Amino acid sequence: MSMTTQQIKVAVAGASGRMGREVVKMVLEDDALQLVAAAAPSAGPVDAGVFAGKPATGVIASATLEEALNGSGADVLVDFTVPQAAYGNARTAIEYGVRPIMGTTGFTPEQIAELDELCKRKEIGGLIAPNFSIGAILMMKFAAEASKYLPHVEIIEYHGDQKLDAPSGTSIKTAELIAEVRRELRQGNPNEEEVIEGARGGYYNGFRIHSVRLPGVFAQQEVVFGGHGQTLKIRHDSYDRAGYMPGVNVAVKKVMTYSGLIYGFEHIMD
Ligand code: NAP
């Protein structure tokens, strides 16, 4: 079989965005992958290669995902768009038989369950991954482990001030992993009162999540545990978007091998 017939055909939603441009670049730099479609609602009919600072590819960005996928033969969609668009994009991809890899955050548990069902019906794979970086996956894993022994925990996540959703998808995923193994406990003083609303952060299963939004910050998270006379901090810092691409590359290849929607990159890591 020639290289070309083995290539996985990739569509990119949000191709003009900061993450999307990295995805386009990653796809163009991997001979096992072929860029076949790109969507970006307000960018105009620009060649996707140009977004990524690469030579023209012949793949022109479409205003809608439907237009981009139609007749593209795409095997996989990689989506880094906005929370309001992500669920609809995942559904559209599945309707076209295209495996959705959703890097965009903000999915509800109900939406995840529904997309899983739709993927299974079409007998295709899919992935929702709030975080594609190995360090963040390990931070979540270690945090869950620590919560078995130190159940008093708070999560502080830091992102740029233009981020649309709060708390971050990574912090929600971390909280879910902690809640699965931590003994039930409602932390803090039961008579505690917030003098300024929101001061104690978002409540999740007995503990709190705090979202810091500042210009200059990229993506960081600290999980702080408190015990007798001690604290433990597990912290992950992301410095640039290229750091997510090895994970996205693995996901594009792995999603071809299973059926149903997986939530969390950790489940497909070797
Ligand atoms: P960005 O630079 O603002 O790019 C957003 C992209 O989405 C642009 O291409 C934009 O196209 C498109 N878009 C905007 N509104 C849309 C709509 N209504 N429908 C469809 N597409 C739309 O954002 P970013 O920094 O690349 O981040 C994108 C997403 O990835 C965010 O949700 C972020 O939280 C997430 N993220 C995930 C990970 C992970 O590891 N999973 C890592 C980093 C970021 P136009 O320019 O044409 O409007």
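The values are calculated or read from the model by the stated rules, or taken from the named source; none is laboratory data. As the structure is a computational prediction, the values presented were derived from the model and not from experiment. Cβ placement follows ideal geometry from the backbone for every residue including glycine, while neighbour counts extend to all protein chains displayed. For accessibility, only protein heavy atoms count, side chains too; no ligands or nucleic acids. Shrake-Rupley method; radii C 1.70, N 1.55, O 1.52, S 1.80 Å.
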How many residues are free of Cβ contacts under 8 Å to residues at least 24 places away in the same chain and part of a loop (DSSP other than H, G, I, E, B) when one looks only at the range 169-198?
13
Against the definition (within 15 Å of the chain's Cα centre (by Cα), modelled with pLDDT under 95 and surrounded by 21 or more Cβ atoms within 10 Å (Cβ to Cβ)), how does Asn89 come out, yes or no?
no
Some residue of the range 14-32 being touching a Phe, Trp or Tyr at 6+ places or on another chain (Cβ under 8 Å) and on the phi > 0 side of the Ramachandran plot
yes
Scanning the range 213-230 residue by residue, the ones that are open to solvent by less than 30 Å² (accessible area, probe 1.4 Å), within 13 Å of the ligand (Cβ to nearest atom) and either out of contact with any His (no Cβ under 6 Å at 6 or more places or on another chain) or of a type in the set (A, V, I, L, M, F, W, C) (or both) total 1
Filter result for Lys233 (surrounded by fewer than 14 Cβ atoms within 10 Å (Cβ to Cβ) and charged (D, E, K, R)):
yes
Residue count, the range 244-270 (criterion: under 13 Å from the mean Cα position of the chain (by Cα) and either more than 16 Å from the ligand (Cβ to nearest atom) or not aromatic (Phe, Trp, Tyr) (or both))
7
Go through the range 27-44 and give me each residue that's open to solvent by 20 Å² or more (accessible area, probe 1.4 Å) and within 13 Å of the ligand (Cβ to nearest atom).
Pro41, Ser42, Ala43, Gly44
Given Tyr149, Tyr87, Tyr158, Tyr96, which one is more than 8 Å from the ligand (Cβ to nearest atom) and closer than 22 Å to Gln7 by Cα?
Tyr96
Could you tell me whether Asp47 is charged (D, E, K, R) and either within 23 Å of Gly125 (Cβ to Cβ) or open to solvent by 30 Å² or more (accessible area, probe 1.4 Å) (or both)?
no
Here is a list of conditions, (1) among the small types (Gly, Ala, Ser); (2) within 16 Å of the ligand (Cβ to nearest atom); (3) over 30 Å from Asn70 (Cβ atoms); (4) not in a loop (DSSP other than H, G, I, E, B), and Ala166 meets all of them except one; can you say which number that is?
(4)
Residue hits (the range 118-150; assigned to a helix (DSSP H, G or I) and open to solvent by 60 Å² or more (accessible area, probe 1.4 Å)) are Lys120, Arg121, Lys122, Ile134, Leu138, Lys141, Phe142, Glu145, Lys148, Tyr149
